[in-house]
Amino acid sequence: MAKVTVVGAGKYGSTTVQRLAEMDIADEVVMTDIVEGLPQGLALDMNQSRPIEGFETRVVGSNGYQETAGSDVVVITAGVPRKPGMSRMDLLETNAKIVGEVTRKVADASPEAVLIVVSNPLDEMTSLAAEVSGFPRERVMGQAGMLDTARFKHFLAEELGTSPSRVEAMTLGSHGDTMVPVPSMVKVDGKPLTEVADAETIERLVQRTRDGGAEVVALLKSGSAYYAPSSAAAAMVAAVLGDTGEVMPVCAWVTGQYGIDGVYLGVPAKLGRAGVAEVVELPLTDTELAELREAAEAVRSKQADVAKLIG
Ligand code: APR
C-alpha cells in the first residue's frame, strides 16, 4: 500500500494533494496542518470529487501525525510564503523553526520515508530536514529545479513560439539568486538554443526565470506560486513511488560530483524508491561549472547559519 503525507494544507500543500489524488498513484494521501478543520475540510471536499474525477486515492485530513504513520513519501510544505518585495531568504528564521518541528514529528512517525522539502528558502530547509531527521541523505531532497526548469521552458516556448513539450532544458544551482540555467543544454525543436535565440534574449529569459517566483508574488500580492510548484512536487513523488529512475533536477546531497562535496544543491538526480539513487553529472561548459560551484559555496555558508539556528 502506497501512502503519502503532505505537511501543510495551504496553497502549495493542498494543490499537491489534489494533483497526487488525481494521479491516482497512492492508496492514501494524508494532509496535516496546525489549523483545525482546514485539512479535514479540504480532504472531505477532495474526496467528494472522486466520483467525478474517477480516482481511488483516499484523502485524509488531520492535525496530528498519528494518521501519517508509515508513509512512503512525505512532502513538507509547512511554513510561511513570501510577501511582495521579500526574498526567500527573509523567511529563513520563521520557516527553520516550523520545518525543524514538523520534520521531527514526521521522522518519528515515518522512519522509512523519503522526504521532499518544498518550504523556502529551499536549499537551506532541505539541509535542515536532513539534519533534524537524521535520515540517510539520499532519502531527503528538495523541490526547486523541476519548478525553475518548467518556468524556463515556459518562457522559452512563449518567446520562440513553440510548445513547451518541444523544449529541452535544465536548471541547476540554488533556488534563488545563484540559480544556474545551463543554456548549453537547452534545445528548442531539436536545435541548440544559440541557433534560435540571440545572447540578449537568452539573458533576458534566464533573468526572468531567476525572478520567476517573485514575478508571481508581485502579481498575487498575497501568497506565492503554487500551481507549477505543486506540479513539480507531485512529479517527484510519482518518480519515487513508481521507482522510475527518471532524472530530474532536484535539490540533492552532492558528494564530489562536479567537484562539489558535502552540500545540498540543485543537480540532476535519478529518482527511485530509495530517494536519490544517483547524482548525474552532465557535461557543463566551464562558465556553467564555475556558476554551479559558486552556487554551492553560497548555499554552503547559508546552510551553516541554519545549523546554528536550530542549535
Ligand atoms: N505544522 C503544520 N502546518 C503548518 C505549520 C506547522 N508547524 N506551520 C504552518 N503550517 C501551515 C499553515 O497553517 C498553512 O496552512 O503551512 C501552510 C502554509 O500555507 P500557505 O500560507 O498557503 O503557503 P504556501 O503557498 O502553501 O507555501 C508554503 O512553500 O513555496 C513555499 O515559500 C513557500 O515556504 C512556503 C511554503
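The values are calculated or read from the model by the stated rules, or taken from the named source; none is laboratory data. Note that the structure is a prediction, hence the values are computed from the model and not measured. No Cβ is skipped: glycine too gets one built from the backbone with ideal geometry, and neighbour counts run over all protein chains shown.
See the values below:
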read-out	value
Selection within the range 6-44 - without any contact (Cβ under 8 Å) to a residue 60 or more places away in the chain, of a type outside the set (A, V, I, L, M) and within 15 Å of the ligand (Cβ to nearest atom)	Ser14, Thr32, Asp33, Glu36, Gly37, Pro39, Gln40, Gly41
Index of the failed condition, Glu246 passing every other in (1) surrounded by fewer than 18 Cβ atoms within 10 Å (Cβ to Cβ); (2) modelled with pLDDT of 95 or more; (3) over 17 Å from the mean Cα position of the chain (by Cα)	(3)
Scope the range 31-42; condition farther than 20 Å from Ala109 by Cα and surrounded by 16 or more Cβ atoms within 10 Å (Cβ to Cβ); matching residues	Leu38, Leu42
Selection status of Val132, in the same structural domain as Val75 (by TED's automatic domain parsing), among the hydrophobic types (A, V, I, L, M, F, W, C) and under 18 Å from the mean Cα position of the chain (by Cα)	no
Enumeration of residues in the range 142-171 that are outside any loop (DSSP other than H, G, I, E, B), touching a helix residue (DSSP H, G or I) at 6+ places or on another chain (Cβ under 7 Å) and of a type outside the set (D, E, K, R)	Gly142, Met146, Leu147, Ala150, Phe152, His154, Phe155, Leu156, Ala157, Leu160, Pro164, Val167
Residue, farthest from Glu281 (Cα to Cα), within the range 216-249, restricted to residues that are more than 14 Å from the ligand (Cβ to nearest atom) and β-branched (Val, Ile, Thr)	Val237
Selected residue (criterion: farthest from Thr5 (Cα to Cα)) from residues of the range 182-236 that are of a type in the set (A, V, I, L, M, F, W, C) and surrounded by fewer than 17 Cβ atoms within 10 Å (Cβ to Cβ)	Ala199
Among (1) surrounded by fewer than 20 Cβ atoms within 10 Å (Cβ to Cβ); (2) within 16 Å of the ligand (Cβ to nearest atom), the one test that Ala150 misses	(1)
Residues being buried (at least 21 other Cβ atoms within 10 Å of the Cβ), under 26 Å from Ala234 (Cβ atoms) and small (Gly, Ala, Ser) - total across the range 257-311	4
Residue match in the range 184-206 (condition: away from the ligand (no atom under 15 Å from the Cβ) and within 17 Å of Ser119 (Cα to Cα))	no
Helices (runs of 4 or more DSSP H) wholly inside the range 172-273 containing at least 2 residues that are more than 18 Å from Glu158 (Cα to Cα)	212-220, 227-241
Meets criteria (over 13 Å from the mean Cα position of the chain (by Cα), more than 20 Å from Arg300 (Cβ to Cβ) and without any contact (Cβ under 8 Å) to a residue 40 or more places away in the chain) for Leu156	no
Qualifying position, being within 22 Å of Met23 (Cβ to Cβ) and of a type outside the set (A, V, I, L, M, F, W, C), among Gly61, Gly85	Gly61
Complete set of residues in the range 117-129 that are within 15 Å of Arg139 (Cβ to Cβ) and either out of contact with any Gly (no Cβ under 7 Å at 6 or more places or on another chain) or not assigned by TED's automatic domain parsing to the domain that holds Val74 (or both)	Ser127, Ala129
Selection from the range 72-117 of residues that are in a helix (DSSP H, G or I), near the ligand (Cβ under 9 Å from one of its atoms) and basic (Lys, Arg)	Arg88, Lys97, Lys105
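Per-residue answers, yes or no, for (1) surrounded by fewer than 23 Cβ atoms within 10 Å (Cβ to Cβ); (2) over 27 Å from Val217 (Cα atoms):
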{"position": "Tyr12", "(1), (2)": "no, no"}
{"position": "Thr15", "(1), (2)": "yes, no"}
{"position": "Gln18", "(1), (2)": "yes, no"}
{"position": "Ile25", "(1), (2)": "yes, yes"}
{"position": "Val29", "(1), (2)": "no, yes"}
{"position": "Leu44", "(1), (2)": "yes, yes"}
{"position": "Ser49", "(1), (2)": "yes, yes"}
{"position": "Ile76", "(1), (2)": "no, no"}
